[in-house]
Amino acid sequence: MSRDQQSFVPGEISSAWNPLQVSVYADYLALLSAKNPVVVVEDILALDGELLLARTALIDQKNIAYLKNKTLARPLAHSIHIERLISADDLLQHLLDTIRSTEYFQSLAERKHPLSSLTPVCAMLSNLPLVQQFITVMAAQMNDLYQRTLCVSLWSLYIAQEMRLPAHDSGEIFWAAITHDVGILHLDPQILNKTDELTADDWQYVQSHVDISTKILLDIPGLSPAIITAVSEHHERCDGTGYPLAKVESELSIPGQILAVADAIVGIYFNRFKAQGRRWREVIPVLEMNRAAYLYRSCDIVTTMILRSELPLPNLVSGSGVPEFAERMLQQNFHLQNWFSQLRDCLISVGYTHGDRKLHALQNVVLHIATTFKGSMLFKEDLRESLESMASEESISISEVVADASLVQQEMAFHLQRLSRMMQMYISSGEGKDPKITKRLEEGFAKISGLIK
Ligand SMILES: [Fe+2]
């Protein structure tokens, strides 16, 4: 660990993950080794000094099976070398491919962000062999995660540049983005790829990737405290609803907040929009609804950047599908109002004097949803009247107001799902300070659970 890194205090790192034990990352190395040899470059010793694998041994499935359940003297990643690593030039090429294959990035690069600005940023990879190793494994074994990482890195760099941060700071934010999810390479793919709803325990397990990334990066010489702090904060939110430490805006770094907004919009696009054929342009109403969670300036910048690209909003529905669309939207509107009212009543009824930070965060979320949606057109009679007439009069097109309202409505459903899940996790974690309050929340939540969909 470098002297700089010793000054980094990550707060409480709670995950049970141990860098000296062989994890699923070793399985990825063994799989990669079949196409791109992975070789031991220094003797791998057990904690008690026993020789486990000698220098020049090949990392394959048999050798990895032998290392399982042993505690190593050093993390495995430090003792191996991959024959063909992703180089700085390769990384640059991958970023250019991402830009060229994404109409949105292409438009941005043409207008404001010259491709040449990427070359000096990527050059740093030559000084970071462990990062080279991690992204080589990620690109080969979890390519979807690698593609997302490239998108997050471009967004982070562009936001930092639009904020006119010094080139050095923008570069640090880019490297935080490249490395922020390396912890995922150590998580069980069976849980990551689960198609059923994740349980509260599963969510906690998935969330541990932040602590794992932080622990791994603390061991890499050449990464500054600013980079590691940003990585440790990439799932924190300004309104205290993030993890792992539920920090609030005043406790968060600017690089961490830029990375958080970049990671969030890429997550929204890949997890919710891409498969439905929806486009980057639709991220704007989602971001508007989430303003309290992110640094205001970065939200404004993202919105301006997307609008500047002049990509159109898609046509949600037209022709004979309109009446059915209006009917469905109307029913969802009533459902959301009912769901929201019950969640709000349940959370607010326990008062605010409990001194429980996590419960305050949940109450803040419900109040934020109330404020956000009070100002929107969602629960106004006008919208319902428009939808009723569209449903009954066999309209063949929808107005821009209804199209916008539809996006906001989908966003509200997402927020209510997220809040319900957070509440469920809070109740089942047993972390509530006052058992009477937890019991009341539990009873209230039991009534709501039928509304969650
Ligand atoms: Fe993450």
- Give LYS35/LYS215; LYS358/LYS439; LYS358/LYS436 a once-over and call out the pairs whose C-alpha atoms are over 26 Å from each other. LYS35/LYS215
- Nonlocal amide H pairs with LEU53, under 5 Å, H built at 1.01 Å: ILE44
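Are there GluC sites (Glu not before Pro) in the stretch 331-408 that DSSP puts in a loop and that have at most 14 other Cβ atoms within 10 Å, and which ones?
GLU393, GLU394
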- Ignoring ligands and nucleic acids, PHE273 exposes an accessible area, probe 1.4 Å, in Å² to the nearest 10, of 0 Å²
- Query: Quick one: accessible area per residue over the stretch 88-308, 1.4 Å probe, rounded to a whole number of Å²?
  - Reply: 37 Å²
- Query: How far apart, in nm, are the 7 Å Cα→Cβ label points at GLU103 and LYS70?
  - Reply: 5.4 nm
- Accessible surface, 1.4 Å probe, highest first, among residues MET412, MET422: MET422, MET412
- Round to a whole number: what % of the accessible area of the chain belongs to carbon and sulfur, probe 1.4 Å? 52 percent
- Task: Extending each Cα 7 Å along its Cβ direction at LYS436 and ASP201, get the distance between those two points in nm, one decimal.
- Result: 3.2 nm
- To the nearest 10 square angstrom, what accessible area does ARG384 show with a 1.4 Å probe? 20 Å²
- Item | the stretch 88-308 shape via C-alpha gyration tensor axes, a/c threshold 1.5 | rounded
- Query: Can you give the accessible area of TYR243 in Å² (nearest 10), computed on protein heavy atoms with a 1.4 Å probe?
  - Reply: 50 Å²
- Simple label model, 7 Å out from Cα along Cβ direction - GLU327 to PHE270, nm: 3.9 nm
- Query: Given the rule -39500 (n - 2.57) for each run of at least 4 DSSP H residues, summed and divided by the residues of the chain, what is its mean residue ellipticity at 222 nm, to the nearest 500 deg cm²/dmol?
  - Reply: -18000 deg cm²/dmol
- Under a no-solvent Debye model with one identical scatterer per Cα of the stretch 319-451, what's log10 I(q)/I(0) at q = 0.09, 0.10 Å⁻¹? -0.33, -0.40
- Query: By the gyration tensor of its Cα atoms, with a ≥ b ≥ c the square roots of the eigenvalues, what is the shape of the stretch 120-229: rounded for a/c under 1.5, prolate for a/b over b/c, or oblate?
  - Reply: prolate
- Helix runs (DSSP H) in the chain reaching 27 Å along axis by Cα, Kyte-Doolittle at least 0.0: 143-162, 400-429
- Sorted by chain and number, the residues with a modelled amide H under 5 Å from that of TYR294, at a separation of 5 or more or across chains, are CYS238
- Item | Selected from SER397, VAL350, THR371, residue furthest toward positive end of dipole (the stretch 344-400; charges at beta carbon) | VAL350
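The values are calculated or read from the model by the stated rules, or taken from the named source; none is laboratory data. As the structure is a computational prediction, the values presented were derived from the model and not from experiment. Every residue, glycine as well, gets a Cβ built from its backbone with ideal geometry; the counts of neighbours run over all protein chains shown. Keep in mind that these areas ignore ligands, DNA and RNA; they rest on the heavy atoms of the full protein, side chains included. Shrake-Rupley method; radii C 1.70, N 1.55, O 1.52, S 1.80 Å.
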